[in-house]
Amino acid sequence: MSKSKPVSPELKQAMRLYVDAYVLMHGRPAAIAHLGVSRYTLWRYLERRHDGRAIPQAVIGLFGDDSRHIDEARYAVLGGLAMSLEHKEPESFTTALRETLLMLCAAPFATVGDLASLNRFPETTLRDRLRKLTNRGLVSHISHHYFALGNNPHKRFFPTLEGISAVWDEDGGARQFIRSYPVSRQWFRLFTERLDAIAVIYRVAAMVADEDPRRQPVRIDFYRSGPYDALLTLSHYRSIGIVRQGPTLPSASLRYRLNTIDRMGYEQEPLVTLVLTHSNSATRRAIRALSNYNIRSSTYVATERQVLWSLKNAEVWQEGGYGYGQEPPVAVEPDSRLSHMFERLHDLVLVYRRELLLSRKIEPNPDELYPLRAVASAPDPAKQLAEAHSVQLSATGKEVLDVLAAWPFSTTDQFASFLRGATRRRANQVLRSLRSQGLIRNFEGGNTLTDEGLAYLARRDRAAVGKTLDRWSSESADIIPGHIEGTALRSIDAQIRHHDGIIGFASALNKEVAYDRNYRLFDLLPTSRTSVTFNYRFVNYTIHPDATFLLEYRGKWYPYLLEFERRATTPRRIRDRLTSYRRYFRTSWPRRDHGGKSPRVLFVFESAEDEWTFLHACDEEISPHVFTSNEPLLDRLGVLGLCWRRPPPRARERTLLREL
């Protein structure tokens, strides 16, 4: 392009519209390769509106200097959409349908029930509108499975590219709209990676909206990064932040996120924070962590399973942020409802009334979660959803991945027992399907997750992918036979006999409970998630059981700690082994950690001789809390059978596990 030949304003406009359309549809990396320019040049052209030379030359070199040819190329890039970049509404596109489409753009992948609760709309009316939008090709839906939400799939709706283009604002245009709503290609990738977690958050947000006494719509926004997962903005200056800890997110990472919230300013932090954990053990650690922080807002902690499967206003939440200086800081005793949380919200708004009257900001601005300078391109829902494991996997497949993440090296028979007593044939079907998708692999006779499977779980729970692979990856064994790169997996492989004993006990317990309706098993956790920290005489100690679980029999439940013992088989080693448990049971932590019930410690030995040596080495102080058995007896009578006994003088007869 020569300097002596000026470019007309019409040609400049045509070139800019073409580049905008290409970036919108294909993204910036593809546009850089298509035009043959640098990333900085494209950034200046788009963000600074600087024409320069390189991009106009590239466009003219492709289509000539005729604006009509460039316009034709632009329409071809758009892929035959009924709407061009200029705002055009379809015929008979009513205000009600437009309003519903905007609701869905603000909350993609929500169910009809979630949208109805959040927006205060009759569910039947909303379902009818979504049906009309689906018939016009403006909305589509997927069938999503997640075992935490039940066995039945849930129909989740999202706007198509045609639907997004139908509601572009006349003033802002396409680029501003997809940056102001979570409908860009980048947001769709985040939604597909975290869809299982986002589905849980939608359910909790709907429960909060149903309990709101003001009966006003609730806005929900998700965070790309930071300590919070989602932000709920309610009427009358009220706000609620949601933090979710999935099974893959370590407790140390949750403590870091809570510590980050503690350092946030009051204008950034929601008035109330809800923390969801994956197990009762994780809830205990979260409550302990919260007792050490002087948090401005009230924080409520609950186990995810109890929230999802209980009544909407059940007492499953426990308020944190207090108890500093107590010993132990706080007992694990859920005593709050969502209605109590709204009372706390009301009190906090009254406290900040002076700031409200002075028009000061006292709550986070949800619009700040969508920066106008963020990279945003048009989504390709069909392609993105076709590649998403969260959409393609069944509920059983996702449950299998969680099982293998907790219990690596499980054999097919052991693995089948974790699926509520599934047959070996069914277990093989699921494993074969996951293996064909590259999510699991066979390793030394057992099953482990591949790096792709680990990355899927890490992204779902917002855990660091790199750190997860550093601990649990087994891919390097394909390059160097016998070498395992993951540090935690390598440690397990070095003690594979010990690990096999733990898995064998856990799988047998699962299998027996599945076939007896009088029993229910909860929170069966592996070694990597069972650490218990306590304070004794101003010193912090930690015990690491091989597994923990809650067993219920006809409405009565008790906590258990498992130790599969292969080393403490001499009197001296036994005394050293029990030292940490003596300290633990001398404090008031055991009962307060487990809902007022002291846990039973189960020691399992490889032979009856080792068990007998252990029993005679126990003293009277620890004997009320310890129960023993051995592998040959468990294999013959079962974990729930007559195979447990206490140390002397109570070691005369064996008893059932439920009678301990």
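The values are calculated or read from the model by the stated rules, or taken from the named source; none is laboratory data. Bear in mind the structure is a predicted one, so any value in this text is a computation, not a measurement. Note: ideal-geometry Cβ built from the backbone for every residue, glycine included; neighbour counts use all protein chains shown.
With a requirement of 1 or more residues that are charged (D, E, K, R), the strands (runs of 3 or more DSSP E) lying completely within the stretch 490-589 that satisfy it span 519-525, 547-553, 556-565.
Within the stretch 125-132, none of the residues are outside any helix (DSSP H, G or I) and either out of contact with any helix residue (DSSP H, G or I) (no Cβ under 8 Å at 6 or more places or on another chain) or outside the structural domain of A209 (by TED's automatic domain parsing) (or both).
Flag: A382 does not match the condition of being touching a His at 6+ places or on another chain (Cβ under 6 Å) and within 21 Å of H145 (Cβ to Cβ). So for the stretch 224-246 (the condition being part of a loop (DSSP other than H, G, I, E, B), without any contact (Cβ under 8 Å) to a residue 12 or more places away in the chain and of a type outside the set (V, I, T)), does at least one residue qualify? Yes, the stretch 224-246 has at least one match.
Quick check, is Q318 crowded, with 22+ Cβ neighbours inside 10 Å, at negative phi, outside any loop (DSSP other than H, G, I, E, B) and modelled with pLDDT of 75 or more? Judged against the criteria, Q318 is a match.
Matching residues to (1) among the small types (G, A, S); (2) part of a loop (DSSP other than H, G, I, E, B); (3) under 17 Å from F505 (Cα atoms); (4) in the same structural domain as I503 (by TED's automatic domain parsing):
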| residue | (1), (2), (3), (4) |
| --- | --- |
| H616 | no, no, no, yes |
| E621 | no, yes, no, yes |
| T628 | no, no, yes, yes |
| P632 | no, no, yes, yes |
| R636 | no, no, yes, yes |
| E653 | no, yes, no, yes |
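Which of the residues belonging to the stretch 376-410 are assigned to a loop (DSSP other than H, G, I, E, B), surrounded by 15 or more Cβ atoms within 10 Å (Cβ to Cβ) and at pLDDT below 90? Once the filter is applied, which keeps residues that are assigned to a loop (DSSP other than H, G, I, E, B), surrounded by 15 or more Cβ atoms within 10 Å (Cβ to Cβ) and at pLDDT below 90, the stretch 376-410 yields A376, S377, A378, P379, D380. Among the residues of the stretch 204-215, at least one is of a type outside the set (V, I, T), touching a residue at least 40 places away in the same chain (Cβ under 8 Å) and touching a strand residue (DSSP E or B) at 6+ places or on another chain (Cβ under 6 Å).
Regarding S629, is this residue modelled with pLDDT under 85 and among the hydroxyl-bearing types (S, T, Y)? In short, no. Determine, yes or no, whether V112 is closer than 30 Å to S310 by Cβ and either at pLDDT below 95 or crowded, with 18+ Cβ neighbours inside 10 Å (or both). So V112 passes the test. Within the stretch 423-443, being part of a loop (DSSP other than H, G, I, E, B) and either without any contact (Cβ under 8 Å) to a residue 24 or more places away in the chain or surrounded by fewer than 14 Cβ atoms within 10 Å (Cβ to Cβ) (or both) holds for T423, G438. Looking across the stretch 55-104, the residues that are within 30 Å of L126 (Cβ to Cβ) and modelled with pLDDT of 80 or more come down to T94, T95, A96, L97, R98, E99, T100, L101, L102, M103, L104.
Of the residues making up the stretch 444-485, those that are part of a loop (DSSP other than H, G, I, E, B), out of contact with any strand residue (DSSP E or B) (no Cβ under 9 Å at 6 or more places or on another chain) and at pLDDT below 90 are E444, G445, I479, I480, P481, G482, H483, E485.
Could you please let me know if D470 is assigned by TED's automatic domain parsing to the domain that holds G638, surrounded by fewer than 17 Cβ atoms within 10 Å (Cβ to Cβ) and either of a type outside the set (A, V, I, L, M) or within 27 Å of the chain's Cα centre (by Cα) (or both)? No.
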